[in-house]
Amino acid sequence: MFWGRKDAFPGADGSTITQETDNNAQTIPIYGDSGNTLTEGSTTGFRLMNITTEGVLSENTSQVYAIKNPLTFIYNTKAPGDWYTNSSTYQNNNLWSSIKSTYDPCPQGWQVPTDNIWGDFSTSNTSLYIHGALSEPGSYENYYQTSGRLYNTLAWYSFSGYRNNLSGSLGAVGMGSCYWSSTIVDGKDTRYTDITINYVRPSRLLQRAYGISVRCIQE
């Protein structure tokens, strides 16, 4: 999901299809009240929308639009790379913070973690699994969403991929995953953890228009 957005966006269904490339992942089906499958471009289903599209931005932010259209992925091809606004002047660093806010996507008693929560993550204390089987680093066969890393036998991090900030398209499903923190750097970009087949990078920077995972922690 976007950094700072309160509604999660549908992920990728990689459990039944082989991810031989980055580009053939499918979005998890979304169903309407009559049981019909909602498809991209329908009036009630998910869709991709450039932040510059007429009607998305309202008073320099797209927050109102995002609340009214929770299944619309708002991407942004311009600086500062934020789904919320096209101007760094109006970026909102308080949507997610160390204090739980109205826009925090986590349930009551839980919140988006700060950057230091993954400080000790590494390839040495996470076990790599490819399609549910323990595997050696560098093994690229069988790209499935059921692949991932197990941290100290305590927490599972699936390779759910991400959505591109420039187009909203899915990428790296079955190969890796990214997890937002609530930590802002230089008032613009956000810290996140990058977990893949080959490496674990616990503190990296990313623009907020990317769609990546959130792993809630207890307050």
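The values are calculated or read from the model by the stated rules, or taken from the named source; none is laboratory data. All values derive from a computational prediction rather than experimental measurement. The area values use the complete protein model at the heavy-atom level, side chains included, leaving out ligands, DNA and RNA. Shrake-Rupley method; radii C 1.70, N 1.55, O 1.52, S 1.80 Å.
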Work out how much length Ser87 to Thr52 would gain on full extension: take 0.36 nm times their residue separation and subtract the Cα-Cα distance, in nm to one decimal. 11.4 nm
Computed on Cα atoms, the radius of gyration and Dmax of the stretch 72-219 in angstrom are 15.7, 48
Which order do Thr126, Thr102 take when ranked by solvent-accessible area (1.4 Å probe, heavy atoms of all protein chains), largest first? Thr102, Thr126
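Express the carbon and sulfur contribution to the solvent-accessible surface of the stretch 63-105 as a percent, rounded to the nearest whole number, probe 1.4 angstrom.
In the stretch 63-105, the share of accessible area belonging to carbon and sulfur is 50 percent.
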Sorted by accessible surface (1.4 Å probe, heavy atoms of the protein chains only), largest first, Leu57, Leu128 come out as Leu57, Leu128
Provide the gained length on full extension for the span Ala155 to Lys100, in nm with one decimal, where the gain is 0.36 nm per separating residue minus the Cα-Cα distance. 17.5 nm
At 1.4 Å probe size, put Val112, Val214 in order of accessible surface, largest to smallest. Val214, Val112
